[in-house]
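Following: one structure in structure tokens, then a few remarks.
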Amino acid sequence: MIEVRIHGRGGQGVVTAAELISIAAFYDGHEAQAFPNFGVERRGAPIEAYARISDEKIKLRSQIYEPDFIVVQDSTLLGVVDVFKGIKKTTKVIINSDKSPKDLLKGKFPVDEKNIMTIGATDIALRVLGRPIINTVMLGAFAKFSGLIKVNSIKKALREKFHGGILEKNINAVEEAYNLNS
């Protein structure tokens, strides 16, 4: 089983990102689940959402304590929340930042440097979507970095959530992030 923990702020589409990962994984033939972890937080407050992907039925219903992947949608959380709690040596981390991993983490890597990716998702979202909602950009980066879900499966999942022009913009955002540095 692969476990993904997504960190972000309320209003950034963290819960939707987890749902879309699960839907895409389902389209790829896997069992999947997604669920949020938040209380009465408001827009802008730190939240987490989780996704699990497995080739067998998922019976576990707890939070994710030792993630295989961490997605950080807002790099300002690095100084506010322990986004690296429970990491393993093999955990892979994707962070929304224009900075390199070395500059962002000041050379103090919680995992092997090759397991950390940064992407300027906010810039892509502003240009492609016209808004700083970066969840679909991060999904494109996640698909590429993890190899767990196919980009076409993400597009199918997006078609379940969005319609019209916003659907096309989100597909474009996913594709741009996926094709970055190809």
Q: Would you kindly state the longest site-free stretch of the chain, with sites defined as chymotrypsin sites (Phe, Trp or Tyr not before Pro) in a DSSP loop (not H, G, I, E, B) surrounded by at most 15 other Cβ atoms within 10 Å?
A: 66-182
Q. Which three semi-axes in whole Å describe the equivalent ellipsoid of segment 8-114, each the square root of 5 times a Cα gyration tensor eigenvalue, listed largest first?
A. 24, 18, 12
Q) Quick one: if you take sqrt(5λ) for each eigenvalue of the C-alpha gyration tensor of the chain, what semi-axes come out, biggest first, whole angstrom? A) 21, 20, 16
Q.
How high is the relative contact order of the chain? Use alpha-carbon pairs under 8 Å, at least six apart in sequence, and give a whole percent.
A. 22 percent
Q: Of the DSSP beta bridges with both residues in the chain, give the percent that are antiparallel, rounding to the nearest 5.
A: 55 percent
Q: Using θ = phi - 60° and the Karplus relation 6.51 cos²θ - 1.76 cosθ + 1.60, list the HN-Hα couplings for segment 58-68 in order, rounded to whole Hz, with x at every Gly or Pro.
A: 9, 9, 5, 10, 9, 4, 9, 9, 10, x, 7
(Q) Skipping prolines and chain starts, which residues have an amide H placed within reach, meaning under 5 Å, of the one on ILE87, given they are 5 or more residues away or on another chain? (A) none
Q) Taking amide H positions as placed 1.01 Å from N in the peptide plane, with prolines and chain starts having none, which residues 5 or more places from GLY10, or on another chain, fall under 5 Å of its amide H? A) GLY44, ALA45, ILE47
Q. How much length is gained if the chain between GLU168 and LYS57 is pulled fully straight, taking 0.36 nm per residue apart and subtracting their Cα-Cα distance, in nm to one decimal?
A. 36.7 nm
Q. Given only helices, namely DSSP H runs of n ≥ 4 each adding -39500 (n - 2.57), what is the per-residue ellipticity at 222 nm of the chain, to the nearest 500 deg cm²/dmol?
A. -11000 deg cm²/dmol
Q.
Could you tell me the center-to-center distance, by alpha carbons, between segment 6-23 and segment 89-161 in angstrom?
A. 12 Å
Q) With labels modelled as points extended 7 Å from the Cα through the Cβ direction, what inter-label distance (nm, one decimal) is found for LYS89 paired with LEU104? A) 2.4 nm
Q | With at most 16 neighbouring Cβ atoms within 10 Å, loop GluC sites (Glu not before Pro) (DSSP) excluded, longest segment of the chain | A | 57-182
Q. Based on the Cβ-Cβ distance of ALA45 and ASP112, what FRET efficiency does E = 1/(1 + (r/R0)^6) give at R0 = 30 Å, to the nearest 0.05?
A. 0.45
Q. What is the distance, in nm, between label points placed 7 Å from the Cα along the Cα-to-Cβ direction at GLU66 and at LEU126?
A. 4.0 nm
**Q.** Qualifying trypsin sites (Lys or Arg not before Pro) for segment 1-42 [loop in DSSP, other Cβ within 10 Å: at most 10]
**A.** ARG42
Q) Residue by residue through segment 48-57, which ³J(HN,Hα) values in whole Hz follow from phi under the Karplus form 6.51 cos²θ - 1.76 cosθ + 1.60 (θ = phi - 60°), with glycine and proline marked x? A) 10, 9, 10, 9, 10, 10, 8, 8, 10, 4
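No value in this document is a laboratory result; all are computed from the given coordinates. What you see is a predicted model; the values in this text were computed from it and never measured. Because the Cβ atoms are built from the backbone with ideal geometry, glycine has one as well, and the counts that use them run over all protein chains shown.
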